[in-house]
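The block underneath contains the structure these notes are about, expressed in structure tokens.
The values are calculated or read from the model by the stated rules, or taken from the named source; none is laboratory data. All figures in this text were calculated on a predicted structure; none of them were measured in a lab. Note: ideal-geometry Cβ built from the backbone for every residue, glycine included; neighbour counts use all protein chains shown. When the accessible area is computed, the model is the full protein with side chains, heavy atoms only, and any ligands, DNA or RNA have been set aside. Shrake-Rupley method; radii C 1.70, N 1.55, O 1.52, S 1.80 Å.
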Amino acid sequence: MALCVAVVSKENAPKYVASLNPADELQIQYEIHSSIDFVEEKLKTGKKDMRELYLGQLYSTEDHKVYGYVTNTKVKFFVVIDSSNLLLRDNEIRFMFRKLHTAYTELMCNPFYIPGDYITSENFDKVARGILTGNS
Amino acid sequence: MVDYREFDFPAELCCSPSPLIAIAGLDTVNNAIHRSIWDAFHSPVGRESRAVLNFFHLTSEFKFPTMSEKQLMPNIPKGILKRNWIEKHIHYDPAVIVIFYDCDWDDESWNEKISECSSRVQSIRLSLEGRKSRIVVVLIQKQLPILASDDTTTTERAASLCVACNLDPKALFILPVVDNIHGYAIRLENAFYDLAQNYYQHQIRAVKLKLENLSKTSHQYLIVRYEFKIGFYNELKQDHHNAHKHYHQCYMSLLEIRTFDTNIYEVKVVAAYIVYKISRLLFSMKRARDALSQFNSHINVFKSMIGPPELMFEHYAWLSKQFSMFASLFDETTAESFTATQAMNPGFFFKEAAEYAKKRKDSAYNICQDVNVYPASNPLNEWNSIEFYGQRPWRLMKNINITDYDTIEADGILALKYYENYKVDHSKSIISLLGNAMKQFKNYKCPRMRNLLAVQMADEYYNAKDYSKALTLWSHMLWDYRDEGWKAIAHELVNKCLKCAYLTASVQNYVELNLEALKYYKNDDLQKSLANIGSIIQRQIPEPENGLDEYEKNIAVQMWQKCDAMKSKSVLEIDMSVTNSTVDTKVVLKDVSCDSIEIDVFLKANFPILVQFSKLTACVTCIDNSYDVEVCTDSSKLIYGESKTYKYTCKFVPSPNDIGKEITVNSIQLQLGNEPDFPIMLKFYSSTKKTKSFEREMNNFSLSKTSDDEFERMKQITSATLKPRSSRLGMVIKHDNPALLLEWYNVSVCLTNLEDRPVSDICLNLSLNRNNNEKVELSTEICEDPDKNTLSLPVDFKIGNMLVGDEKNQSFFIRSSSLDTRYFQLMISYTIEDNNGIKIACVKDVEIIIDVVVVFDISVTYMSSRFEPVSKIHIGESLIMVPCIKCLSPWPIFIENTSFQLAEHIAVSPGGYQSVLNEVVLESDESATEIICVTPSEHSENVLGCFTVNWKRSNMESNCKSGYSCLELPKITTEKSTFLVDMKTPAHGWLHTPMSIVYFLHNNSESLLTLNISMEANEAFMMAGHKDLNVTILPESTYKLHYNLYPLVVGVSTLPKMHISCNSESNDLKNILNDMLLRSLQTHIYIMPKHVPTSTAEIFN
């Protein structure tokens, strides 16, 4: 379903990147990186509703659409989907983010995970892979 | 071969049109008045509110464009938009023709003038050949029109002129040449503007008429053309709303045209032009959102209309142009109005344009790469003279033979391909579009988007074989991505940069990048990187990077062979602040003194295989001096392998000249390889801030405290001030804290030379330091001897030289007049010679803290002569002042003397004053009382005077000199009384022995006083004297009353009470009298038992 799922720390360093096909992962990383601009701008101008963490579509190219989500601790989640995929509605994307957020919260609760480290948790990976393949 | 230019937006389309006005009869070269009229039309004054007009000189040589032949029935045209039409209306087809003519109403040769003028009008009218351009005559007159007197002649003559010229009277204007030509010009402009509007409206009506006769099926081209014309006339009229409406209709009709391979290019070109006009109008009407949606639908419609596949590149060129056109329009028009946002700014369109330019390049590469010959028939020859926009030049070629139509078409396409292959610099256009996009994204605060575009730009530079530019761009981007921790991207960029560095044979960059690469590479690549660094040290050509073809490799090898740096330079210095490698250093200045400086260098290295360095040095700088300190030269201690932190310590002796200055560890240098080879010096600058290190957010939560972490946490200390040698003189400061307020407080400093050689130029410097508040300086006095002058702070006490073991004393006195604690800074400085006879300055600072306390608490009470406290005093009555001194000082205080400084009007009562406290010693918390009796002699201010105590500390060892306390006597109200009573009694009486009492009644007023005096007898006395008496007392005189009393009882007895009443009614006086009697008369007297002199003795005898 999604092409790529990424977690970016509050200092904008990637903490987790998983993509469906590794061949275009680099290009997607470039795109996610440039989408951070729009996230930063949205964070700076201040969201009206603090509870709304979903940022919507940030950036689109001919091939990809980048969606963003930012937690209250400024950790950013990105989901990249294929531009030609018209089946995915906003609600489904929101659902993906919610699942990611839950998985991330669980990861944070793990006392053996040090916040800020690269995410290597198998559980988190499983959730992310589930989002990529669309069978969760 | 011709200079063919591909699709573009022509200048006449891009300008914003305004009504064209032709000016005739103005000789701007020779006639100053004409010149000023011309200038007035072009002056920028008040431009915003003035009509926008386009003036041009209608000279006699000017030829109006030939009119197209009028056809009764609309025919089928060969194309959509004629290329010359827009330009014609912008530059050559005026809406209004203005004929200026010098002529006054009262001109002598009026008739000649009239005929000359009319002939001019006629000739111009002829040259118009039936055009509907409005003709206007402006008479330039030297006089102001006189309205009243000459009215009839004026109207007559005006009418005759109009008739002669066959002119509408409304088209005749008068322009008086006066001072305010500007105002007249504006009025004329408005008139011209109205006429132009009228003209264009007429044109529109004419076109609309023709439009109505057209049928949608057969005249699609004409419909488009006429709609366009209406739109353009409206634009000339400055009617943007209608212009947009008609352009839009025009665009819609264009979309209805069926397209074939033959006309698709023309349709696309015309569509582009119409969309340009629409976008431009929408932006200028501040409807950016509509412009965006219009443009998007335009692109959606035409994106798929590729046309002949062999001209695919042309389609992409067209698309790229669309985007770049729209982006520039967007940029121009939104620059002021801020309608663009970060999410929707011109940058995106430039980016899209660049993307299509890339596609164009790819398709051109695919389609055209084998086209190497320009067709002999020269099919592009007449591209510049085609009649319609967007048509193919070869189809216009004369002598077209129907049979070879296909050949010609093929030739044309071939020519375009050839042109695309050889004449178009794709990279350049891609780079410039990307550059524009970057500029936009920078403006709209998208630094990362800009980075992405920069990477793409570098890609294009690389493709264009401009490796050095690509290298610069990529390496800058590498830093940005690396600093934000995007390793995958950084890894890719390192690869790309290394290729460039190899291809340009840039040794410096090549080594830097290889060092950087160590961080990303694994296994084989990493070995190769290290090996390549090794070959550079050996001055050998490194192995080529992966993914280069043979041709590139060969060129690169040649460049490496020619590389000067490899041959001539002896050391290769690498600035490690720009690279982020697996080696890092930190430095801590550990011990900094004038004898030696100790530096700790920490080095963290991580190499998969053992790497041996040759030298570790530190470069320490002072302001104008620098030291190269060798930290470690033993290469056996400089072998590094897997991640570990190493520590090195070194010491060096600074030069005495640098004392007092700041020393800084400027850089740490780690050398790889040795001198005859080409050693690489890694320079770690300590001052430049290292790139953001990504500390883990909660480092302290980490379980293992590896040496890695320790290194990260270590704080560098890179600079320190080299302090002077510290003093070794013994210094004892003696003083008895706290000081007392206003005493001369003694501080003595005892110096002993404990150095092993004589010292000279000893100086003590005493100053108040910063802890004090501001007022302290004003309330502190200082002196060497209280009898001499006071000194001002800071004070220098020169002590001179001291031999070994000498002892010297310096004392000084401080007087404080406020209670703040004082912080003094006592600095001793001197010079001493070292073994080589060089003078070394030594200093030492000591802080002296002095608290100040109060000595006495003095309070004064006032009493009447009867020892009763009083609240006010009366002139002439005696007053007793009792100052009470309470000692608060922690030390016993010796009172030297006390004194009163009384005000002039206060006299000491008879009997004088003698201090009773002289030479009394008061211990802490003890009190002493002084007493004095005074009489205020006249009414004056309530000031009584001062009471002063001179004192000093009673223990003589403290050496503190005298102080004084001074108290201003508290104020008390003084009253003048008109009547005083006084009495004279003996100190005591004897039983059964008569005694006399005298009352004195003083009248102090200036009037006669009549009083009734009565004495109230009592049982204690028998009394002789007036019992009831009326007394009259003269002004300023005294009346005496004598009484003899015979005491009847022993002990304290009540005296007979005197009552005084006044004849006058005033109650006031009565009260005063009673008050005064109570206050000043004694009420009791002590009566002793009967005095029996000697008689008892006689009895016993």
Worksheet entry | Accessible surface of chain B, 1.4 Å probe, proportion on carbon and sulfur as whole % | 51
Discussion item. Using the Cα centre of chain B as the reference point, and only Cβ charges (+1 on K/R, -1 on D/E), how large is the resulting charge dipole? Debye, rounded to the nearest 20.
Written reply: 4360
Worksheet item: How do the peptides B:44-55, A:75-86, B:113-124 rank, highest first, by the average count of neighbouring beta carbon atoms within 10 Å per residue?
Response: A:75-86, B:113-124, B:44-55
Worksheet item: Using protein heavy atoms only (no ligands, DNA or RNA), what is the total accessible area buried between B and A, 1.4 Å probe, nearest 100 Å²?
Response: 2600
Fill in: Overall form of region A:5-108 per C-alpha gyration tensor (a/c, 1.5; a/b vs b/c)
rounded
Worksheet item: For B:Ser297 and B:Lys569 in the same chain, what is the full-extension length gain: residue separation times 0.36 nm, less their Cα-Cα distance, in nm?
Response: 91.7 nm
Fill in: Mean separation of Cα contacts under 8 Å, 6 or more apart, over the residue count of region B:415-554: relative contact order %
15
Worksheet entry | Residues of region B:803-827 with amide N under 19 Å of the 7 Å Cα→Cβ point at B:Lys775 | B:815-824
Worksheet item: Over the Cα atoms of region B:729-850, what is the Rg over Rh ratio if Rh follows Kirkwood?
Response: 1.02
Fill in: Cβ-defined net charge surrounding B:Lys1040, 11 Å radius [Lys, Arg +1; Asp, Glu -1]
0
Worksheet item: What area, in nm² and to one decimal, does the C-alpha convex hull of region B:979-1088 cast on average over all directions?
Response: 6.4
Fill in: FRET efficiency, B:Tyr92 to B:Thr154 (Cβ-Cβ, R0 35 Å, nearest 0.05)
0.45
Item to complete: Principal axes first, then extents: for the Cα atoms of region B:198-293, list largest minus smallest coordinate on each axis, whole Å, largest first.
Response: 37, 33, 15
Practice prompt. Once you have the Cα-Cα distance between B:Lys844 and B:Lys651, take 0.36 nm times their residue separation minus that, and quote the gain in nm to one decimal.
Written response: 66.9 nm
Worksheet, complete the sentence: One finds, for B:Asn1018 and B:Val943 with R0 = 51 angstrom and r their Cβ-Cβ distance, a FRET efficiency to the nearest 0.05 of 0.70
Worksheet item: Looking at region B:172-272, which trypsin sites (Lys or Arg not before Pro) are in a loop (DSSP not H, G, I, E or B) and have at most 16 other Cβ atoms within 10 Å?
Response: B:Lys216, B:Arg258
Response to the item:
Rounded to the nearest 500, the 222 nm mean residue ellipticity computed for chain B from DSSP H runs (n ≥ 4, each -39500 (n - 2.57)) alone is -11000 deg cm²/dmol
Response to the item:
Over chain A, with neighbouring protein chains present, the accessible area per residue in Å² at probe 1.4 Å is 49
Worksheet entry | Residue (of A:Ala18, B:Val371, B:Leu211) at the positive-pole extreme of the protein assembly as shown, dipole from beta-carbon charges | B:Leu211
Response to the item:
Per region B:19-237, sqrt(5λ) over the Cα gyration tensor eigenvalues, sorted largest first, in Å, gives 37, 19, 15
Fill in: Relative contact order for chain B, counting Cα pairs under 8 Å that sit 6 or more residues apart, in percent
5
Worksheet entry | Dipole of region B:591-662, positive direction: furthest Cα of B:Val631, B:Pro654, B:Ser596, with charges on the beta-carbon | B:Val631
Worksheet item: In region B:535-643, what is the volume of the convex hull around the alpha carbon atoms, normalised per residue and reported in Å³?
Response: 166
Practice prompt. Measure of size requested: the Rg and Dmax of region B:856-975, with Cα atoms as the atom set and Å as the unit; please supply both.
Written response: 15.4, 51
Worksheet item: Each label point is 7 Å from the Cα along the Cα-to-Cβ direction; what then is the distance between the points at B:Glu256 and B:Lys723, in nm?
Response: 9.6
Worksheet item: Say a paramagnetic label sat at a point 7 Å from the Cα of B:Asp761, along Cα to Cβ; which residues of region B:787-804 have their backbone N under 19 Å from it?
Response: B:795-804
Practice prompt. Taking the Cα centre of the protein assembly as shown as origin, work out the dipole magnitude from +1 charges on Lys and Arg Cβ and -1 charges on Asp and Glu Cβ, in debye rounded to 20.
Written response: 4220
Worksheet, complete the sentence: Among B:Lys132/B:Lys170; A:Lys10/B:Lys442; B:Lys358/B:Lys465; B:Lys88/B:Lys245, the pairs whose Cα-Cα distance exceeds 20 Å are A:Lys10/B:Lys442; B:Lys88/B:Lys245
Item to complete: Based on alpha-carbon positions alone, could you give the equivalent ellipsoid semi-axes of chain B from the gyration tensor, as √(5λ), descending, whole Å?
Response: 111, 63, 26
Fill in: Nonlocal amide H pairs with B:Ile932, under 5 Å, H built at 1.01 Å
B:Met881
Worksheet item: If r is the Cβ-Cβ distance from B:Glu642 to A:Thr45 and R0 is 41 Å, what FRET efficiency results, to the nearest 0.05?
Response: 0.30
Item to complete: Count charges around A:Tyr69 for me, please; just the other residues with Cβ under 9 Å from its Cβ, Lys/Arg as +1, Asp/Glu as -1.
Response: +3
Worksheet item: In region B:426-569, with Lys and Arg counted as +1 and Asp and Glu as -1 at Cβ, which of these residues, B:Asn514, B:Ala565, B:Ala454, has the Cα nearest the positive end of the dipole, that is, farthest along it?
Response: B:Ala454
Discussion item. Can you tell me the length gained on complete extension of the stretch B:Gln716 to B:Asn546, counting 0.36 nm per residue apart and subtracting the Cα distance?
Written reply: 57.2 nm
Fill in: Sequence-separation-based contact order of region B:584-694, relative, with Cα cut under 8 Å and 6+ spacing, percent
30
Worksheet item: Per the helix-only calculation at 222 nm, which mean residue ellipticity applies to chain A, given -39500 (n - 2.57) for every DSSP H run of n ≥ 4 and division by its residues, nearest 500 deg cm²/dmol?
Response: -13000 deg cm²/dmol
Discussion item. Based only on Cα atoms, what mean projected area does the convex hull of the protein assembly as shown have, in nm²?
Written reply: 104.1
Worksheet item: Under a plain spin-label model, where a point goes 7 Å from the Cα along Cα-to-Cβ, how far apart in nm are A:Tyr54 and B:Glu1036?
Response: 11.3
Worksheet item: Under a 1.4 Å probe, what is the accessible area of chain B per residue, stated in Å²?
Response: 50
Practice prompt. For peptide A:31-43, compute the average count of partner chain beta-carbon atoms within 10 Å of each residue's beta-carbon.
Written response: 5
Practice prompt. Considering the convex hull of the alpha carbon atoms of region B:758-801, report its projected area averaged over all viewing directions, in nm², one decimal.
Written response: 4.1
Item to complete: Return, ordered by residue number, the residues of region B:621-642 whose backbone nitrogen is under 19 Å from a label point located 7 Å along Cα→Cβ of B:Glu675.
Response: B:628-636
Discussion item. Longer than 21 Å from Cα to Cα, which of B:Lys82/B:Lys417; A:Lys74/B:Lys715; A:Lys76/A:Lys126; B:Lys499/B:Lys604; B:Lys361/B:Lys423; B:Lys321/B:Lys417 are they? Say none if no pair is.
Written reply: B:Lys82/B:Lys417; A:Lys74/B:Lys715; B:Lys499/B:Lys604
